[in-house]
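The values are calculated or read from the model by the stated rules, or taken from the named source; none is laboratory data. Predicted model only: the values in this text are computed from it and were never measured. In this analysis, Cβ positions are derived from the backbone assuming ideal geometry, glycine residues included, and neighbour counts consider all displayed protein chains.
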Amino acid sequence: MEKISQGIDDLLVAYLEGSLNGDKLEKVKNRLNGSEELRHRLEVLKLIQQSLESNTLLHPSDNFTQHVMGNLHKAPTVSLLSPKNGLILLTGILIAMGIGASLVNTGVFDTLNGMLPLNQIKLPSGISTPALPSIPLSGKLIVNSIIALNIGLAFLLLDRTILKPLFNKRARMHV
């Protein structure tokens, strides 16, 4: 199986277009007679050429062009949350963090200390059960982790919904 080079492809396209003459035309005909792959490639190129000739590019309507040109001066909107919704979400997150912090401070989660025994996990029969360790469980640590995640979410929400639009608006005013 021979690889067809770009030069041979160009010759086949020129043959299809009828722009070959003389020795080049005879060489291409001889090679086509001697190679099934070249004849197959010529058929593929014929199909491509017919497909390209039959399709014409469609021009957009005048209404479409006027609509696009009329909206070029408008800045695209990129924020998914409005500042109002961002403030409402941020307030809710801060309230949840305050409640969680006050509950941790009063010691509500101190009774959730202990060990999580992994040895009691039932595995399907036929699987050897290695000695699994026990994991210490601290309710205070879990709630503190949730509060820390809420703080990160609050900063992200503050940045995306309030600070970024504010600074973008200020930057556009100075331009």
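Sub-6 Å Cβ pairs linking a first residue in the stretch 1-26 that is in the same structural domain as residue 48 (by TED's automatic domain parsing) and closer than 18 Å to residue 40 by Cα to a second residue that is hydrophobic (A, V, I, L, M, F, W, C) and part of a loop (DSSP other than H, G, I, E, B), at least 6 apart or interchain, are 14/20, ordered by first then second residue. Of the set (1) at pLDDT 75 or above; (2) in a helix (DSSP H, G or I), all apply to residue 119 but (1). Of all the listed residues (38, 81, 32, 89), the sole one being under 30 Å from the mean Cα position of the chain (by Cα) and at pLDDT 85 or above is 89.
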